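Below is one structure; the comments refer to it alone.
The values are calculated or read from the model by the stated rules, or taken from the named source; none is laboratory data. Keep in mind that what you see is a predicted model, and the values were worked out from it rather than measured. Surface accessibility is based on the protein's heavy atoms, side chains included, excluding ligands, DNA and RNA. Shrake-Rupley method; radii C 1.70, N 1.55, O 1.52, S 1.80 Å.
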Amino acid sequence: MAVSLLSHELSDLCLGKPALRSLSITSTIAEALEVLKTSDDNFVSIWNCDDDECCSRCVGKVCIVDVICYLCKDENFVSPSIALKQPVSVLLPKIPGLIIHVEPSCSLLEAIDLILEGAQNLVVPIKTRVFNNKRSKQQQKPFCWLTQEDIIRFLLSFIGLFSPISSFSIDTLNIISPNTLTIEYHSPASAAIGAISRALVEQTSVAVVDSERTLIGEISPFTLACCDETVAAALKTLSSMDLMAYIDCGGLPEELVKVVSAKLKEKNMNGMLQHFTVSMSCGGFSSSSSSDEEYSSSSMAVQVSPFSRPGRISRSMSYSARMVRRSEAIVCHPKSSLVAVMIQAIAHRVNYVWVIEEDCSLVGIVTFSDMLKVVRESFETMA
């Protein structure tokens, strides 16, 4: 069984994966937004296209959170219509190695090593049948990408091989990181913009806490990615508590819409006010949503099917009706087992789980990267 796991290649993990939706690096932010709003994926891949198909490479990825944080910059907030005309390349983080091209024959061990070195997405060519005709030669070679979630989900099928380590507590394994991004719930949401940008890059989240570091909720890039770009207006004008209310309501309640509009008008932010008003009239936000199902029960339990996807907070019928994750943080305790935390993260489609004490005080965070480090060390005993 161990030999079988170690012999797997990435082509085994790519079975059934959809081809990437791609966008040229010369496209505008507005064009990227259009693709994101009609896509089932939270990210769109950005490509440095070349006349020679073999030289075209994925150079990054963007999501609506990138756009939100970009619009929150003072110079862009004043005139969002001009900001959206900028090339999408301005959204790409200046961090090398986040996106790496690999061959389908790349081993599972090699893939884990690349992720532990900082890669977030492994771009893999999809094997297709070759037809000898002119049209097929004109079509771009399809690619898919693999994420940390894909690797963890695959490893869970072989979790018995990692016994007894898989049953050890995350405290015992020493994988709880105390370095968390936090903001107090009464603070302006704008104070979290930098942390949100960092959380997006690190694939984590921003914890919302009180003065005693009791975990109240979170502002998650994963949740914001299901929203409209005009959330930038809410981020710049509301408190963290009100922003959480927006997430929990599946859209801005009418009274918060009035608050945002009034504050934009007060600050003479006419460009964003116009953009925000147009979005409201077009149904960019919603005070309620028929697809927004009740999301309750113990936060320690697995609440969501591992195959469910988050839905976008919008009335637009072009958006798929998927479940919307809210500001309720996904948590575990220091004594939770590694396998329990892995399953919990996979079930909620997040790359991390918050760690709290019995009194809900924040201890730290456990990420997929932390889990993969333990798994990688276990491979050494299997080899």
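Note on Glu149 and Glu377: the extension gain reaches 80.2 nm, defined as 0.36 nm multiplied by sequence separation minus the Cα-Cα distance. Pairs exceeding a 27 Å alpha-carbon distance, out of Lys94/Lys335; Lys17/Lys236; Lys73/Lys265; Lys37/Lys267; Lys61/Lys258; Lys85/Lys265: Lys94/Lys335; Lys17/Lys236; Lys37/Lys267; Lys61/Lys258. Full extension of the chain between Glu254 and Glu110 gives 46.7 nm of extra length, using 0.36 nm per residue less the Cα-Cα distance. The listed residues Val62, Val278 rank as Val278, Val62 when sorted by accessible area, largest first, using a 1.4 Å probe. Computed with a 1.4 Å probe over protein heavy atoms only, the accessible surface of segment 42-118 comes to 46 Å² per residue. Solvent-accessible surface of protein heavy atoms, probed at 1.4 angstrom with all chains present, puts Tyr70, Tyr185, Tyr246 in the order Tyr185, Tyr70, Tyr246, largest first.
Measuring with a 1.4 angstrom probe and ignoring ligands and nucleic acids, Lys37 comes out at about 40 Å² accessible. The stretch between Ala191 and Ser39, if pulled fully straight at 0.36 nm per residue, gains 51.7 nm over its current Cα-Cα span.
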